[in-house]
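The values are calculated or read from the model by the stated rules, or taken from the named source; none is laboratory data. Everything quoted here is computed from the prediction, not taken from an experiment. Cβ: placed from backbone, ideal geometry, glycine included. Neighbour counts: every protein chain shown.
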Amino acid sequence: MKRDVDAGFTLVETLLAMALGAFLFIALTYTAAAGLRSLEGRRLHQEALALTGQALEEARGIDYATAGIDAAEAGVPTSLDPDGAGPLPAEVMVRTIGGLPHRSTYPLGSSSFNVKRWVTFVDDPGRGDTRDYKRVVVETSWTWRGQTTTQRSEELLAIGNTNRYGLSFTPALGKGGGVVGTKIGIKHLITNQGTFADRFDFSFDVAGVTAYSDSNGNGSFDSGTDLALVDTNSNSKPDTGNVLLQPLVSRTIFIVYTFPVGTPFGTAKPVKIIATSELDPSAVRTVSDTFYAGGVPRILDLYLHKPVSGTAVMNTVIPTSLTETAQSINKGSSFAWVYTAPASPASSYVADKATVQLRLSRPGTTCTGEAEEADYTVILKNTTTGTEWARVSDKAIFVNSCSVTVSLSLPTAGKTLAAGQKLELRVQLDSVTYPNPRTISVKHDSVTTGWTLRLVIMP
């Protein structure tokens, strides 16, 4: 029987074609998935290579003396056998201040890389000395599809391919104070970060400053026993001396200055100190010190405050809001804030200067119209001793709106307030010209312009 060419595919042919298509689709999908997995594996491998190379490059970029594992990191092994069960002996781990981390983790998508570093001393049998080189070993490991892979690389560092000279000079900012006419010393630590014994020179930007050694080794400046550094290399600068500073060895020095007799208390003298390597004048470190006549002052800032209830005071807490309770005063009356000097942290306090900012307001809902001239007086007084610190009187202000701000600077520098004594800031309304009588509300105006009264704590 002849088949009709227009009859199409039979059911069996259609099913066979669909099965063949499904088989081909599954095969292609599997091949593509395998390719993607292979691509992801290669990508992780390339990323690990980059991290390993980056870690080695980091080791090459630091001073030979600093090349080591950070001394502050815990859980670091004390040695490393570079070839496992091979013939090479175990090598001692190098630990340095500010060195490389032993362990680091770098996340990447759903994976992460764990990088471990070792830095060890290497002895060259052909040389008579020891610790001729440093070996840097980097291992980067990662887990993918349940399997952990580790990649390892290493490199030898020699003195010749790193910086030979260097130093650290700490702290970068120093403060010290003392009695005028006596030597004041600020402690510093200088460390030879180079690979050879070196001597370090000191220079200053202020005349009368010099450097002393910690001759008795007690870590404190003693003007009677500690000795001034002198010039031992004929360059007109004091230096660390003929006993050269060995690599990674530190020495305590004191930067010393004396205030002339009669210098006012609290006078500050900033000084810049430059330390320079003798072997390499480009190896330089600079620190900045500040000397204070009478001692290093501590600052106590006082702010006016009128709580919703209770006494109006001056204290060290900045008012939290501009909407403090105002005090209404009539013509001829006054209002005051009071501060009692505490017994701690000092037995006496010296005033620096005072900036008072007040707001004078007219009561009522209709406060515009013709201006009122309000005459007022501000008095700052030690009420315990009766000593008046400052007075600003016969001051006039035109209040032609709801409120107006008054800003005053009071001459209080050098005034002394002993512990337990009371300091009073009083605002007095002397007169109001129009209409009579009127009430003026007084309150502290701003919390953003800084302190109201600054006291310096004597050491």
Item checked: The lone exception for ALA90 - which of (1) over 39 Å from the mean Cα position of the chain (by Cα); (2) within 30 Å of LEU39 (Cβ to Cβ); (3) at pLDDT 85 or above; (4) not charged (D, E, K, R) it fails -> (2)
Note to self: Any residue in segment 214-229 that is aromatic (Phe, Trp, Tyr) sitting within a Cβ distance under 9 Å of a residue that is in a loop (DSSP other than H, G, I, E, B)? List the pairs, counting only those 6 or more apart or interchain.
What the structure shows: PHE221/ASP214
Margin query: Checking the structure you have, find out if any residue of segment 180-196 is small (Gly, Ala, Ser) and farther than 30 Å from PRO264 by Cα.
Written below: yes
Next item on the list: Determine whether LYS381 is crowded, with 18+ Cβ neighbours inside 10 Å, in a strand (DSSP E or B), modelled with pLDDT of 70 or more and under 42 Å from the mean Cα position of the chain (by Cα).
Entry: yes
Next item on the list: Tell me which of these THR191 doesn't satisfy, since it passes every other one: (1) part of a strand (DSSP E or B); (2) farther than 25 Å from THR286 by Cβ.
Entry: (2)
Next item on the list: Tell me, please, whether a residue that is under 24 Å from SER282 (Cβ atoms) and in contact with a strand residue (DSSP E or B) (Cβ under 8 Å, 6 or more places away or on another chain) can be found in segment 207-222.
Entry: yes
Next item on the list: Identify the residue in segment 94-121 that is at pLDDT below 85 and aliphatic (A, V, I, L, M) and, among all such residues, is farthest from TYR64 (Cα to Cα).
Entry: LEU108
Next item on the list: For segment 156-167, state whether one or more residues are assigned to a strand (DSSP E or B) and surrounded by fewer than 14 Cβ atoms within 10 Å (Cβ to Cβ).
Entry: yes
Note to self: Tell me whether segment 225-238 contains one or more residues that are in contact with a strand residue (DSSP E or B) (Cβ under 7 Å, 6 or more places away or on another chain), of a type outside the set (D, E, K, R) and not in a loop (DSSP other than H, G, I, E, B).
What the structure shows: yes
Next item on the list: Output the qualifying pairs, or none if there are none: Cβ atoms under 6 angstrom, residues six or more apart or on different chains, first residue in segment 408-423 and surrounded by 17 or more Cβ atoms within 10 Å (Cβ to Cβ), second residue not in a strand (DSSP E or B).
Entry: LEU417/ALA341; GLN421/ALA341; GLN421/THR384
Next item on the list: Return the only residue of PRO281, PRO260, PRO264, PRO238 being within 30 Å of ALA354 (Cβ to Cβ), outside the structural domain of THR96 (by TED's automatic domain parsing) and at pLDDT 85 or above.
Entry: PRO260
Margin query: Between a residue in segment 185-198 that is over 14 Å from ILE274 (Cα atoms) and any residue that is of a type in the set (Phe, Trp, Tyr) and at pLDDT 90 or above, which pairs come within a Cβ distance under 6 Å, given they are 6 or more apart or on different chains?
Written below: GLY185/PHE221; GLY185/PHE254; LYS187/PHE254
Check: Restricted to segment 34-85, and to residues that are among the hydroxyl-bearing types (Ser, Thr, Tyr) and part of a loop (DSSP other than H, G, I, E, B), which residue is modelled with the highest pLDDT?
Finding: THR78
Notebook entry, point to check: Within segment 323-345, can you find the residues that are at pLDDT 80 or above and under 15 Å from ARG426 (Cβ atoms)?
Noted result: ALA336, TRP337, VAL338, TYR339
